[in-house]
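Below you'll find the structure, written out as C-alpha cells, and then a few comments.
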Amino acid sequence: MSTTVTLGKALNMGLRKAMEDDPKVLLMGEDIGKLGGVFRITDGLQKDFGEDRVIDTPLAESGILGTAVGLAMRGFRPVVEIQFDGFVYPAYDQIVCQVAKLHARSRGRLPMSIVIRIPFGGGIGAVEHHSESPEAYFAHTAGLKVVACSNPVDAYWMIQQAIAHPDPIVFFEPKRRYWEKAELDTEAPPEPLFGSRLVREGSQVTVLAYGPMVKTALQAASAAEEEGISVEVLDLRTISPLDMGPVLESVRRTGRCVVVHEAPSNLGLGAELSARITEACFYDLEAPVLRVGGYDTPYPPSKLEEDYLPDLDRVLEAVDRSLAY
Amino acid sequence: MSEVPELTDQGFEPNPFGPHHDPIGSDPINADEQNPTEQPVLVQLLTPEGERVEHPDYSIDLSAEELQALYRDLALVRRVDVEATALQRQGELGIWASLLGQEAAQIGAGRALLPDDMAFPTYREHGVAWCRGIDPMSIIGLFRGCDSGAWDPIESKFNLYTIVIGAQTLHAVGYAMGMQRDGGQGACLAFFGDGATSQGDVNEAFIFSAVFDAPVVFFCQNNQYAISEPIEKQTRIPLYRRASGFGFPGIRVDGNDVLAVLAVTRRALEAARSGQGPTLIEAYTYRMGAHTTSDDPSRYRLASEMEAWKLKDPIERLKAYLVRSGQADAAFFEAIEKESDELAARVRRETVEMPDPDPASMFDNTYAEITPYLQEQRDTFLTYQAGFSEERSHA
C-alpha cells in the first residue's frame, strides 16, 4: 500500500511494525511515552503497546544505555532514543565500553541487539547541543554499526532492519528532514541495510553524502547540470561498515570525488572515505578527494549555522575545484 | 557533616567517616552518628572472636554440614587467591585482584543466590564466581591475558567481570527490568565497591531501580579503599544510608561475618523477588591485600591497620565458632587444608600449561557476522603472520 508520509511518520510506522513483529522489542527514552518524543517519532506507541514496552525513563542517558545493556542480555531488543545528538555523551562510556564490546568479550554469548536512535545535524535554528553530528565517534568504535537514513522510504525500512539486526546500531536520523515527504510503499521489497545507493547518475564528479546532506548534494547536482556539469550522487546510508563497492565503481568512472557531511572535516567520515578511495583508485583519480564539511569549531549559534553548514554553493564550489585539477 | 562528632565512653568516634577516620578503632563499624547509644546498625551474627550472637531482625539457622560447607568455600577461595597472587609474582599472570579479607562478604552473598538469580560482579568477585560454579581457571585466563573471562554468563548466571567502575550496576537493573517483563522468578545481585558509589552510573542505577521497582539488590563491599583513597574521599555519610535518599532500604552488615551476610542478602533477595524493589547492602569489610598486584598499599596506609583487621578475619572467626561449638573437628580442618592444597596445585599446573590464544581469534565476535572490511583485515593479518613463519623456517 502506497501513502505519502513524512520521514518522521515513516520512522513511527517502522517502529510500530517492529514492535508488532517482535514482542521483545522495547522502546526507551526521555519523553517518548505520553508525549510521543520531542519530535513525536514515538507518537501513539505507548498508548498501543503499554508502558512496559514504551518506557519513559528517568533523565539519565548513561542509565538508559546501561539498562538497555541488561535488557539485551536478557534477550530483549531495546530501541533507545537519545533526545538530541549533543545529549549522547553521558552515555558514551556505556556505548563504547559496554554495548560495543560485550559481544566480543563474551565470545558471542551475550546478545547486544540495541538500536540507539539519535536525531542529528543542524539547520533547525536550535540552541547549542541540539545540532551536532557525532557519527565519527561511533564509526571509530569496533563493535558498533552506524547508519543514517536520508528519506522516508529508507527511514521506514532501515529502522526495522536495524532493530532485527543482531549487532548494536547507532541510527542517525536527519532531524531537519523529519518533515520531508515521499511516497512510501510498505509492500515493496526493501534494499539491504548495509548498502550504499546511487541516487543520481552522472559522469564527471562523484558526490558522496548521507543523512541530511543527500538532499543538499542532489540540489547541487541539479544546479551543476544547468551549468553543463554532470554530477553523480551516492547516498552512503551505512557509515560503518562503509559499503565501498558502489563508491569505488563510481569514482573509477568519474575520476573525481567530493565527500559532503555536516560534521567537522577533521577526522570525519570524509577523511576515511578519502583514504580508502585513494588506496583503491589511485591511478583512476584525476583530482584529490575533496571534503565539504562543517568547520572545526564548536557548532555555532543558530544565526551563523547557514554559514557553518555545507550547502548547495559550497558543494558546487568543491565540484568546480575538483574539475579544475 | 556539620556536627562535631562526640567521643563516646567507649573512646571512639561515633562517626567512622569523620576527620580522624580510624577503621581499626575499638568498634567504629557499630557506630551510628544519629543514635550512638541506640541499637547498633551493623548486623552481626558472629563476633570476631567466633561467638554466635543474635540480632533482633536477622536470624539464621544452619546445620553443622552447612556451616562446614561455608568454611570450605571460604578456605578454598582464599587458597586460590593466594596462589594466584603468587603466580602473578612469578610472572605467570599479568595482574591479580586479590579478594583477601573479603571472603565472607562474597561467599555470604554468593550462597544467598538461587538458581534463577543473576549476579553482576566487578573484577574481584572470585568468591561469588566460586559459588556460581565457575572454575577458577576461567578467571585466571582473564588475568593471564588469554581472554575476557571464559565462562558463559548466561548459563552460569554470573555476568562477565566489569572493569569500568560501577557500569555493571545499570546492567543489573536492566536485566532485572527484563525479569519483570518476561515473568522471570529471580532477582539480580549487583556488586560494587565503596569507590563506585561516587560514580554516576551507580547513582543512576539506584534511580532506575527505584522508579521501576526492579528486582535488584545492590551489594556494596566497603573495603575501606578505592585503590589508595580512603572512604572519606567518597562520602560524608555511611554508605548504606545513601539508599534512603533514593527511596529504598539500606543496611550495613559485618562483611567479615559470613552468617550475617548470608542472612541479610537472603532477606534482600527475597524482598526483590517478591516485588518489593531494591535494597542496598553495605558489607563493611577490609581489603587485606593490595588493590591489585600492581599496587603498593604501604604508600597510603599503616601496617597496624591491617594488623587490627586481621583480628576480624572472616575465616578465623568461623573456624573458632566451629571448634568452640563442637561442629567440626581437627580431621575436618585437615581435610579442607588438603583439598585447598590440591586445588592450588591444580590452579598452578593449569595456569602454567595454559596455551596462548589463537592470534586470529581477536577478529572473532566483533560482530555477529564478520564484516567484509574486517574480513579483509583478518586475511591480511594471516598472510602477514604466515610470512614470519616462512622466514623462520628458511632460517
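The values are calculated or read from the model by the stated rules, or taken from the named source; none is laboratory data. Predicted, not measured: the structure shown is a model, and the values here were computed from it. FYI the Cβ positions are ideal-geometry reconstructions off the backbone, even for glycines, and counts take in every protein chain you see.
If I filter segment B:138-156 for residues that are in a strand (DSSP E or B), under 20 Å from residue B:265 (Cβ atoms) and within 12 Å of chain A (Cβ to nearest Cβ), do I get at least one hit?
no
With the structure loaded, tell me whether residue B:317 is more than 14 Å from chain A (Cβ to nearest Cβ) and out of contact with any Pro (no Cβ under 6 Å at 6 or more places or on another chain) or whether it fails that test. Even if it seems obvious, please write down each step before you answer.
Values: more than 14 Å from chain A (Cβ to nearest Cβ): yes; out of contact with any Pro (no Cβ under 6 Å at 6 or more places or on another chain): no.
Spelling it out, it is not the case that residue B:317 is more than 14 Å from chain A (Cβ to nearest Cβ) and out of contact with any Pro (no Cβ under 6 Å at 6 or more places or on another chain).
Each row is one residue, and each column tells you yes or no for (1) surrounded by fewer than 20 Cβ atoms within 10 Å (Cβ to Cβ); (2) touching a strand residue (DSSP E or B) at 6+ places or on another chain (Cβ under 6 Å); (3) of a type in the set (Phe, Trp, Tyr).
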residue: B:266; (1), (2), (3): yes, no, no
residue: B:281; (1), (2), (3): no, yes, no
residue: B:286; (1), (2), (3): no, no, yes
residue: B:299; (1), (2), (3): yes, no, no
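If I filter segment A:263-272 for residues that are in contact (Cβ under 8 Å) with a residue 24 or more places away in the chain and under 15 Å from residue A:205 (Cα atoms), do I get at least one hit?
no
Consider segment B:312-346. How many of its residues are outside any helix (DSSP H, G or I) and within 20 Å of residue B:107 (Cα to Cα)?
Within segment B:312-346, residues that are outside any helix (DSSP H, G or I) and within 20 Å of residue B:107 (Cα to Cα) number 4.
Here is a list of conditions, (1) buried (at least 20 other Cβ atoms within 10 Å of the Cβ); (2) closer than 25 Å to residue A:321 by Cα; (3) among the aliphatic types (A, V, I, L, M), and residue A:244 meets all of them except one; can you say which number that is?
Only one criterion in (1) buried (at least 20 other Cβ atoms within 10 Å of the Cβ); (2) closer than 25 Å to residue A:321 by Cα; (3) among the aliphatic types (A, V, I, L, M) is unmet by residue A:244, namely (1).
Take residue B:320 and tell me if it is surrounded by fewer than 22 Cβ atoms within 10 Å (Cβ to Cβ) and either aliphatic (A, V, I, L, M) or on the phi > 0 side of the Ramachandran plot (or both).
Spelling it out, residue B:320 is indeed surrounded by fewer than 22 Cβ atoms within 10 Å (Cβ to Cβ) and either aliphatic (A, V, I, L, M) or on the phi > 0 side of the Ramachandran plot (or both).
What are the pairs with Cβ atoms under 8 angstrom where one residue, in segment B:266-289, is at positive phi and at pLDDT 95 or above and the other, located anywhere, is outside any helix (DSSP H, G or I) and not acidic (Asp, Glu)? Sequence gap at least six, or different chains.
Qualifying pairs under 8 Å: B:275/B:215; B:277/B:214; B:277/B:215; B:277/B:248.
Got at least one residue in segment A:73-94 being among the charged types (D, E, K, R), without any contact (Cβ under 8 Å) to a residue 40 or more places away in the chain, within 12 Å of another protein chain (Cβ to nearest Cβ) and under 17 Å from residue B:176 (Cβ atoms)?
So in segment A:73-94, the residues among the charged types (D, E, K, R) come out as A:74, A:77, A:81, A:85, A:93.
Still in the list and also without any contact (Cβ under 8 Å) to a residue 40 or more places away in the chain: A:74, A:93.
Next cut, within 12 Å of another protein chain (Cβ to nearest Cβ) only: A:74, A:93.
Now restrict to residues that are under 17 Å from residue B:176 (Cβ atoms): A:74.
Yes: one or more hits.
Which of the residues belonging to segment B:235-260 are assigned to a loop (DSSP other than H, G, I, E, B) and of a type in the set (A, V, I, L, M, F, W, C)?
If the condition is that a residue be assigned to a loop (DSSP other than H, G, I, E, B) and of a type in the set (A, V, I, L, M, F, W, C), then B:237, B:248 are the ones that fit.
Pairs needed: first member in segment B:352-379, of a type in the set (Lys, Arg); second member anywhere, outside any loop (DSSP other than H, G, I, E, B); C-beta distance under 9 Å; at least 6 residues apart or different chains.
B:378/B:360; B:378/B:362; B:378/B:363
Give the residue that is nearest to the other protein chains (Cβ to nearest Cβ), with candidates limited to residues of segment B:157-184 that are closer than 19 Å to residue B:77 by Cβ and either at pLDDT below 95 or touching a strand residue (DSSP E or B) at 6+ places or on another chain (Cβ under 6 Å) (or both).
For segment B:157-184, the residue satisfying everything is B:159.
Got a number for residues in segment A:182-195 being touching a strand residue (DSSP E or B) at 6+ places or on another chain (Cβ under 6 Å) and crowded, with 16+ Cβ neighbours inside 10 Å?
2
For residues that are within 14 Å of another protein chain (Cβ to nearest Cβ) and either within 16 Å of the chain's Cα centre (by Cα) or free of Cβ contacts under 8 Å to residues at least 24 places away in the same chain (or both), tally how many sit in segment B:218-254.
1
Which residue, of B:133, B:200, B:108, is away from every other protein chain (no Cβ under 14 Å) and surrounded by fewer than 24 Cβ atoms within 10 Å (Cβ to Cβ)?
B:133
Counting only residues that are surrounded by 21 or more Cβ atoms within 10 Å (Cβ to Cβ) and without any contact (Cβ under 8 Å) to a residue 40 or more places away in the chain, how many does segment B:56-88 have?
0
Hey, any hits in segment A:182-196 for a residue that's among the charged types (D, E, K, R) and touching a Leu at 6+ places or on another chain (Cβ under 9 Å)?
no
Quick check, is residue B:98 polar (S, T, N, Q), assigned by TED's automatic domain parsing to the domain that holds residue B:264, surrounded by 15 or more Cβ atoms within 10 Å (Cβ to Cβ) and not in a helix (DSSP H, G or I)?
yes
Say whether the condition of being assigned to a helix (DSSP H, G or I) and within 22 Å of residue B:107 (Cβ to Cβ) is met by at least one residue in segment B:347-368.
yes
What is the number of the single condition among (1) surrounded by fewer than 16 Cβ atoms within 10 Å (Cβ to Cβ); (2) over 23 Å from the mean Cα position of the chain (by Cα); (3) under 16 Å from residue A:213 (Cβ atoms) that residue A:319 does not meet?
Among (1) surrounded by fewer than 16 Cβ atoms within 10 Å (Cβ to Cβ); (2) over 23 Å from the mean Cα position of the chain (by Cα); (3) under 16 Å from residue A:213 (Cβ atoms), residue A:319 violates only (1).
In segment A:120-175, what residues are small (Gly, Ala, Ser) and farther than 19 Å from residue A:87 by Cα? Talk me through it step by step, then tell me what you get.
Restricting attention to segment A:120-175, the residues satisfying the condition of being small (Gly, Ala, Ser) are A:121-123, A:125-126, A:131, A:133, A:136, A:139, A:142-143, A:148, A:150, A:155, A:162, A:164.
Result: A:142, A:143, A:150, A:155, A:162, A:164.
Would it be correct to say that residue B:262 is in contact with a Lys or Arg (Cβ under 8 Å, 6 or more places away or on another chain) and within 21 Å of residue B:66 (Cα to Cα)?
Details: in contact with a Lys or Arg (Cβ under 8 Å, 6 or more places away or on another chain): yes; within 21 Å of residue B:66 (Cα to Cα): yes.
Taking the combined requirement at face value, the residue satisfies it.
Considering (1) farther than 19 Å from residue A:210 by Cβ; (2) surrounded by fewer than 16 Cβ atoms within 10 Å (Cβ to Cβ); (3) out of contact with any Lys or Arg (no Cβ under 7 Å at 6 or more places or on another chain), say which one residue A:275 fails and leave the rest.
Residue A:275 satisfies all of (1) farther than 19 Å from residue A:210 by Cβ; (2) surrounded by fewer than 16 Cβ atoms within 10 Å (Cβ to Cβ); (3) out of contact with any Lys or Arg (no Cβ under 7 Å at 6 or more places or on another chain) except (1).
Quick test of your reading of the structure: residue B:208 fulfils all but one of (1) aromatic (Phe, Trp, Tyr); (2) more than 20 Å from residue A:58 (Cα to Cα); (3) within 12 Å of another protein chain (Cβ to nearest Cβ). Name the failing condition by number.
(2)
Considering only residues that are of a type outside the set (A, V, I, L, M) and in a helix (DSSP H, G or I), look in segment B:261-281 and name the one that is farthest from residue B:241 (Cα to Cα).
Here the residue is B:273.
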